[in-house]
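What follows is a set of notes on a single structure, which appears directly below.
The values are calculated or read from the model by the stated rules, or taken from the named source; none is laboratory data. Keep in mind that what you see is a predicted model, and the values were worked out from it rather than measured. Methodologically, a virtual Cβ is constructed for each residue, glycine included, from the backbone with ideal geometry; neighbour enumeration extends over all protein chains shown.
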Amino acid sequence: MKNFIASLRWRGMIHDMVPGTAEHLSSGMATGYVGFDPSAPSLHLGNLVAIMLLKHFQEAGHQPIALVGGATGMIGDPSGRSQERLFLTEEVLRYNESCIAKQLEKFLDFSTGQNKALLLNNFDWFKDISFLSLLREVGKHIPIGYMMAKDSVKQRIETGISYTEFSYQLLQAYDFYYLYLHKNVTLQMGGSDQWGNLTTGVELIRKKAQCQAFAVTAPLLTRADGTKFGKTASGSNIWLDPAKTSPYELYQFLLNGGDHEVEKLIKIFSFCTQEEVEAFILAHQAKPEMRLLQQTLAKIVTTMVHSEAACRQAMVCSNILFGHTDSVEALYALSEEDLLNVCITIPKVPIARTALEAVDTMVSLLSVATENRIIPSKSEARRVIASSGMKVNKVLITDPYKKPDVALLHNRYLLVQKGKKNYYLIVVE
């Protein structure tokens, strides 16, 4: 059995831990869980840290439980939030739960073995508990002063916190107690913002069952400037659902990470050994312009979240715009969906089909027909083409006066490259 805590320490995945946790886990197979909030129909890159806690836990020979918060999701965790959550309807929650359950099944081994993973939903035990029962079973044992001391509560006292959100930690504590009684769960894991909720569960088990339980939290993913890692420049999450964030977008997001970020993330999001990671880092430092570490991380995570085939296609898409070689065949082989994913951040230039058919030279296409959005003037277009600085659909343009004969992509698109890095997608309407 692998040393789970030692592995987490090296990977930088421990923020807080109840004393005695390492000794408890070294005594034999244990059962631990992580809760997932069904506030959206998909988990995101930040949630992948919690999933990796469970994966490393199972890899170390212990039994992981993924708990979907069907009941607690009806209230919402105040941790890490500055204002009250909006309530979701039960119909939306049930849909989100089913989507998240399917995602979790991709990451953990639920098939066979003594330590096979379990997928549970806390709605199954909370649906029959009355308010009076909760007050007697849980509220009696957790003092108000203890609850008020939690960071998730203290940070919201001034801006306002409802009794509903204030009581959230009681519900999460009862989850831990229930799982301790019925599934022999002795460990709860989560993000560092969950520490107060986790230790309330430890306290409830101590008081009601007179037994010791344990908790471990991992640091939240942040960038060098302190902002949350896992969001795009526009502020939207990087989701694990390919319909919300394509494999190409995920691959490209990780490929663009800074060296310091990637050194941290490859330890968290992979099963590479310490020796392998150190070798990657040394190879990267020898030729940082090759971005070996970023490429390795992007391949590992995209393959794990989606599939090897999806990762290969993401690499093809990435190479079309940013690779060192041009491939006309690869561009034309892209599906329309993949083409639009590749061009998701590229300026779109609309053009009427009649205007496209009327152009008589490449210069008129690039300047007049696109209303100077790609090239400011005909003279500038001629200068760029003369300096071999213009490609259309990856084909180098050499004659500014020649009528365009480049075939449209999917009968609608032209990918224009000006210089090395400036791209535009002409969309024929």
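Applying the criterion of at least 2 residues that are in contact with a Lys or Arg (Cβ under 8 Å, 6 or more places away or on another chain) to the strands (runs of 3 or more DSSP E) found wholly in segment 347-429 leaves 413-418, 422-428.
Yes/no matrix, rows are residues, columns are (1) at pLDDT below 85; (2) polar (S, T, N, Q):
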position	(1), (2)
S82	yes, yes
C99	no, no
Q103	no, yes
F107	no, no
L119	no, no
I129	no, no
Y146	yes, no
K154	yes, no
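Of the residues making up segment 12-29, those that are of a type in the set (A, V, I, L, M) and either more than 15 Å from K2 (Cα to Cα) or surrounded by fewer than 16 Cβ atoms within 10 Å (Cβ to Cβ) (or both) are M13, I14, M17, V18, M29. Taking segment 402-429 as the range and being loosely packed, with under 13 Cβ neighbours inside 10 Å, at pLDDT below 90, of a type outside the set (D, E) and farther than 14 Å from I320 by Cα as the test, the residues that pass are K403, G419.
The listed residues are L321, L331, L340, L293, and the only one of them that is under 36 Å from the mean Cα position of the chain (by Cα) and free of Cβ contacts under 8 Å to residues at least 24 places away in the same chain turns out to be L340. Of all the residues in segment 321-353, those that are small (G, A, S), closer than 19 Å to E429 by Cα and surrounded by 12 or more Cβ atoms within 10 Å (Cβ to Cβ) number 0.
Flag: L181 matches the condition of being of a type in the set (A, V, I, L, M, F, W, C) and over 28 Å from the mean Cα position of the chain (by Cα).
In segment 110-134, what residues are in contact with a strand residue (DSSP E or B) (Cβ under 9 Å, 6 or more places away or on another chain) and in contact (Cβ under 8 Å) with a residue 40 or more places away in the chain? Of everything in segment 110-134, those that are in contact with a strand residue (DSSP E or B) (Cβ under 9 Å, 6 or more places away or on another chain) and in contact (Cβ under 8 Å) with a residue 40 or more places away in the chain turn out to be Q114, N115, K116, A117, L118, L119, L120, N121, N122, F123.
Number of residues in segment 212-226 that are farther than 14 Å from M13 by Cα and part of a strand (DSSP E or B) equals 1. When each of K244, K228 is tested for being at pLDDT below 90 and more than 21 Å from H284 (Cα to Cα), the lone residue that passes is K228.
Run down S388, S364 and say which single residue is of a type in the set (G, A, S), over 13 Å from L415 (Cβ atoms) and surrounded by fewer than 16 Cβ atoms within 10 Å (Cβ to Cβ). Working first, answer last.
Working: S364 fails: surrounded by fewer than 16 Cβ atoms within 10 Å (Cβ to Cβ).
Selected residue: S388, the only one of S388, S364 that is of a type in the set (G, A, S), over 13 Å from L415 (Cβ atoms) and surrounded by fewer than 16 Cβ atoms within 10 Å (Cβ to Cβ).
When each of L282, L292, L254 is tested for being modelled with pLDDT of 90 or more and within 29 Å of K102 (Cα to Cα), the lone residue that passes is L254.
When the residues of segment 186-211 are filtered to those that are without any contact (Cβ under 8 Å) to a residue 60 or more places away in the chain and outside any helix (DSSP H, G or I), the one that is nearest to D16 (Cα to Cα) is C211. Taken over segment 55-66, the criterion of being closer than 14 Å to V185 by Cα, surrounded by fewer than 23 Cβ atoms within 10 Å (Cβ to Cβ) and among the hydrophobic types (A, V, I, L, M, F, W, C) is satisfied by I65 alone.
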